[in-house]
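Here is the structure we will look at.
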Amino acid sequence: MALITESNDAAPLVSVVIPAYNCEHYLARAISSTLAQTYSGIECIVVNDGSTDRTTDVIAAFGNRIRSVTQPNGGASSARNAGIGMARGAYVAFLDADDYWLPTKIANQVEVFRRHPGLVLVSCDFIWERPGDATEATADASPPFQADHVRVFHDLTELLRNPYLGTPTVIVDASALREVGGFDTSLPLGEDVDLYFRLCEGRSYAILHQSLTRAQLRHGSLTTQIRGYADNLRVFDRLARSLSGLNAEQHELLDAQRMAVYRRWVSDLLVRGAGVDAREVLRRSREAGRLPGYVGFYLKSLIAPILPPLRKARRTLAEQLSRGKLGSETRRAK
C-alpha cells in the first residue's frame, strides 16, 4: 500500500493514528494490520512517543508506506493528539501499538457512516488476547459487513451503559474530533471514555457488533495499572458535573458506573493484600453513594494482608497433592 490512497466520494480518506512507546515486539503487527485493510483510502500515522527500545527501527522498516513523527515522551493522549494534528482524513481511527485489526475493520465501519449520515463515532466489538494465544486462525479472517449488526444511538444512554468501547475499535468524524479538542492530556487513563462522551453529547453514534479488533493483554499495559481507577472516577465525576439534561435513567446509569469502578478498585486492592488502601477507597465510595457489598469488603480488608500468602499456600498444597497423586498412580502402574 502506498503512503496515501487519495480519497474520493466513494472512499473518503481515513487517517489511522498509532501511538507507540517501547512496543518493538508488537508494533510491526499493528502497522501491518493497518496496511492490510481491504479499504482503499487509508493513511497510517505512527507517533513515536519517546521510545528507548527498537521502536524507531520498526517504524523505519515500513519506509514511505507510513507517515511518522517522533516526540518526547508525553503519554498516549499527547501522542494521539499529535497524530490528529497530522491527519488529513475525513475520519480518524485509533490503534494501539500492541493491538491489531482484521482486514475488513475499516471498510465495514466506513459503510456504517455511509448508511447513516451524521454519525460522529462508530465502534466495533473486540476480543482480548493474552501473550501466546494462537492468532493465526483469526488474523486472516475478513468478516463481510453485516447491516443487521449495526445499532445507532441518538443520546448518551447506551454510552452510559457501556462506556468502555476500546480506543482501537473506534473511528470518528475528524471535524467533530477537532471541535471537541481531541484527547485530554491531563488524564493518564480514562481519556478515551472522556473523549467518547464529549464527542457523542448531542450527536448520534453507532456500534457495529462484529469482532474486528484484537486487543493484547500484557503486563504493564495501561489497562492493567491500578492507578487507572482514580482516573476513571475523575471522568465520571466530571461527567456528573458537566453533562446537561440527563434523565433519571441516565443519572442512575452514571451512578452505577461510578460504583462499579469503586468495586473493581477495592477488589483489586484486596487481591494485592492492601487492606489499608482498600478501606480508604471504601471510605471515598461512601461520598458517591452506597457500594453494594460494602460490609463484606470492609471485613475482607481487615484480613487482607494474610490473603495473598494464604492463596499462595493453597496453590502450593494443591500442586503437591497433584504431584503426590500422580506419583502414586505411577507406582501402582509399575
Response to the item:
Taking the dipole of the range 21-135 about the Cα centre (Lys, Arg +1; Asp, Glu -1; charges at Cβ), the one of Tyr21, Gln71, Thr104 that reaches farthest to the positive side is Thr104
Practice prompt. Report the FRET efficiency, 1/(1 + (r/R0)^6), for Thr38 and Asp148, where r is their Cβ-Cβ distance and R0 is 22 Å, rounded to 0.05.
Written response: 0.60
Fill in: Solvent exposure of the chain as accessible area per residue, Å², 1.4 Å probe
49 Å²
Worksheet item: Expressed in nm to one decimal, what extension gain is obtained for the pair Ser175 and Ile127 from 0.36 nm per residue of sequence separation less their Cα-Cα distance?
Response: 14.4 nm
Fill in: Accessible-area value, His116, 1.4 Å probe, nucleic acids and ligands omitted, Å²
70 Å²
Worksheet item: How far, in nm, would the chain grow between Val271 and Glu319 when pulled straight, counting 0.36 nm per residue and subtracting the alpha carbon separation?
Response: 15.2 nm
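Could you calculate the FRET efficiency of Ser186 with Leu310 from 1/(1 + (r/R0)^6), where r is the beta carbon distance between them and R0 is 35 Å, rounded to 0.05? Walk me through the numbers before you get to the answer.
Numbers: r = 40 Å, r/R0 = 1.14.
Computed FRET efficiency for Ser186 and Leu310: 0.30.
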Item to complete: Kindly provide the helix-only [θ] at 222 nm of the chain, computed as the sum of -39,500 (n - 2.57) over DSSP H runs of four or more divided by all residues, to the nearest 500 deg cm²/dmol?
Response: -14000 deg cm²/dmol
Item to complete: Could you check which residue among Asn73, Asn81, Asn247 shows the biggest mean-square fluctuation in a GNM of the chain with a 10 Å Cα cutoff?
Response: Asn247
Fill in: Accessible area of the chain belonging to carbon and sulfur atoms, whole % at 1.4 Å probe
53 percent
Item to complete: When a/c is below 1.5 the answer is rounded, else prolate if a/b is larger than b/c, else oblate, so apply that to the chain with a ≥ b ≥ c taken from the square roots of the Cα gyration tensor eigenvalues.
Response: oblate
Worksheet item: Taking the Cα centre of the chain as the origin, how large is its charge dipole in debye, to the nearest 20, when only Lys and Arg (+1) and Asp and Glu (-1) carry charge on their Cβ atoms?
Response: 1820 debye
Worksheet item: Excluding ligands and nucleic acids, what accessible area in Å² is computed for Asp155 using a 1.4 Å probe, to the nearest 10?
Response: 80 Å²
Worksheet item: Once both labels are modelled 7 Å past Cα along the beta-carbon direction, what's the Ser211-Arg283 spacing in nm?
Response: 4.3 nm
Fill in: Residue among Val180, Val46, Val261 with the largest mean-square fluctuation in a Gaussian network model of the chain, springs linking Cα atoms under 10 Å
Val180
Worksheet item: Using a Gaussian network model of the chain with C-alpha springs under 10 Å, which one of Leu310, Leu159, Leu119 is most mobile by mean-square fluctuation?
Response: Leu310
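State the extension gain, in nm to one decimal, for the chain segment bounded by Arg290 and Asp53, taking 0.36 nm per residue of separation less the distance between their alpha-carbons.
Working: separation 237, 0.36 × 237 = 85.32 nm, distance 4.59 nm.
Gain on extension, Arg290 to Asp53, equals 80.7 nm.
The values are calculated or read from the model by the stated rules, or taken from the named source; none is laboratory data. The structure presented is a predicted model; accordingly, all values stated were derived computationally and were not measured. Heads up, the Cβs are rebuilt from the backbone with ideal geometry, glycines too, and the neighbour counts pull from every protein chain shown. When the accessible area is computed, the model is the full protein with side chains, heavy atoms only, and any ligands, DNA or RNA have been set aside. Shrake-Rupley method; radii C 1.70, N 1.55, O 1.52, S 1.80 Å.
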